[in-house]
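Each remark here refers to the structure printed beneath this line.
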Amino acid sequence: MTADTLAERYRRVKEALPPAVVLVAVSKKRSVEEIQALYDLGHRDFGENYPQELREKQPLLPKDIRWHFIGHLQTNKVKYIAPFVHLVHGVDSIGLLDELDKRARANGRAIDVLVQVHIAKEETKHGFSEAEVRPLLAEDLSARWPDLRFRGLMGMATNTEDSAIVQTEFADLADLYRSIASQAAPGRERFNVLSMGMSGDLEQALSAGTTMVRVGTAIFGAR
Ligand SMILES: *Cc1c(COP(=O)(O)O)cnc(C)c1O
């Protein structure tokens, strides 16, 4: 019998992913020690949901960790993560883009962002509609938000046992992503990230063509 250790769970998740798919290990509510243990196995991309929690953990952990912010971000919390965040996944309002751009400039750096698209049936989930995203990303983004780099799209499927629903939502998001990526625009020269898929819907995300998955419980165990 193999013990179900962190190393074992991590290896299983890695084996399920094609090499080109980026794995973000979702470490919300995990201790600094748990994160350090995964870091010691060679992992560098970690995802957090809460700005204050991330702000507290970041100085205690190695400086070469790439911190992804994957949760809903309030504009008044942007300042906590702007100095170091690697990629902000859930950008869901114009006000948040404005604030991220301002804080990027204040910190003398560019910030990479993904625009969140609302694909689920649930009202509770955040994001722009497809009808809003298309014109937004056809704009001259570099003129309006000079210190942001628009890297791609992010979405969360409906939380359901019905895998056909999840499949359809991911396929629609992947179509939208490819359609936007096929048309160049200033400010999104490197539009090559599609963040979709978590522990419960990893397979569907992979078959729909995800490029980045956000996995928590399948690596760290139940929260
Ligand atoms: C918590 C969370 C995840 C990871 O969920 P798991 O089910 O633990 O894999 C992924 N994405 C977002 C936005 C989350 O909030």
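Given +1 on the Cβ of Lys and Arg, -1 on the Cβ of Asp and Glu, and no further charges, what dipole in debye does the chain carry about its Cα centre, rounded to the nearest 20?
Roughly 800 debye for the chain.
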*Residue range of the chain that is longest and free of GluC sites (Glu not before Pro) which are both DSSP loop and sparsely packed (at most 15 other C-beta within 10 Å)*: 1-121
*Could you give the accessible area per residue of the chain, probe 1.4 Å, as a whole number in Å²?*
47 Å²
*Could you tell me the distance between the Cα centroids of segment 30-98 and segment 191-223, to the nearest Å?*
17 Å
_Charge dipole of the chain about the Cα centre (unit charges at C-beta), most positive-ward option of L100, H118, L136_ = L100
*Count the net charge of all other residues whose Cβ sits under 14 Å from the Cβ of A208, scoring Lys and Arg as +1 and Asp and Glu as -1.*
-4
*Stretch A222-E132 to full length: gain in nm at 0.36 nm per residue minus the Cα-Cα span?*
28.8 nm
*Pull out a ≥ b ≥ c, the square roots of the eigenvalues of the alpha-carbon gyration tensor of segment 4-65, then state rounded if a/c is under 1.5, prolate if not and a/b is larger than b/c, and oblate in the remaining case.*
prolate
*Sort the chain into rounded, prolate or oblate with this rule: let a ≥ b ≥ c be the square roots of the eigenvalues of the Cα gyration tensor; rounded if a/c is under 1.5, and if a/c is not under 1.5, prolate when a/b is larger than b/c, oblate otherwise.*
oblate
*Which links in K14/K125; K29/K125; K29/K77 stretch past 24 Å when you go from one Cα to the other?*
K14/K125
*Gyration tensor verdict on segment 46-168 (Cα atoms; rounded if a/c is under 1.5, prolate if a/b is larger than b/c, oblate otherwise)*: oblate
*State to the nearest 20 debye the size of the charge dipole of segment 76-173 about its Cα centre, where the only charges are +1 on K and R beta carbons and -1 on D and E beta carbons.*
660 debye
_Share of carbon and sulfur in the accessible heavy-atom surface of the chain [1.4 Å probe, %]_ = 50 percent
*Could you point to the residue in M156, W145, S195 farthest towards the positive end of the chain's charge dipole, with +1 and -1 charges on the Cβ of Lys/Arg and Asp/Glu respectively?*
W145
*In the chain, which whole DSSP H runs stretch at least 15 Å along their own axis (Cα) and average -0.5 or higher on the Kyte-Doolittle scale?*
94-106, 163-181
*State, to one decimal in nm, how far the label point of T5 lies from the label point of E122, with both points 7 Å from Cα in the Cβ direction.*
3.4 nm
*Helical contribution to [θ] at 222 nm, DSSP H n ≥ 4, -39,500 (n - 2.57), averaged over the chain, rounded to 500*: -10500 deg cm²/dmol
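The values are calculated or read from the model by the stated rules, or taken from the named source; none is laboratory data. Because the structure is a prediction, the values reported are computed rather than measured. With ideal geometry, Cβ positions are generated from the backbone for all residues, glycine too; neighbour counts draw on all protein chains shown. With ligands, DNA and RNA removed, areas are computed over all heavy atoms of the protein, side chains included. Shrake-Rupley method; radii C 1.70, N 1.55, O 1.52, S 1.80 Å.
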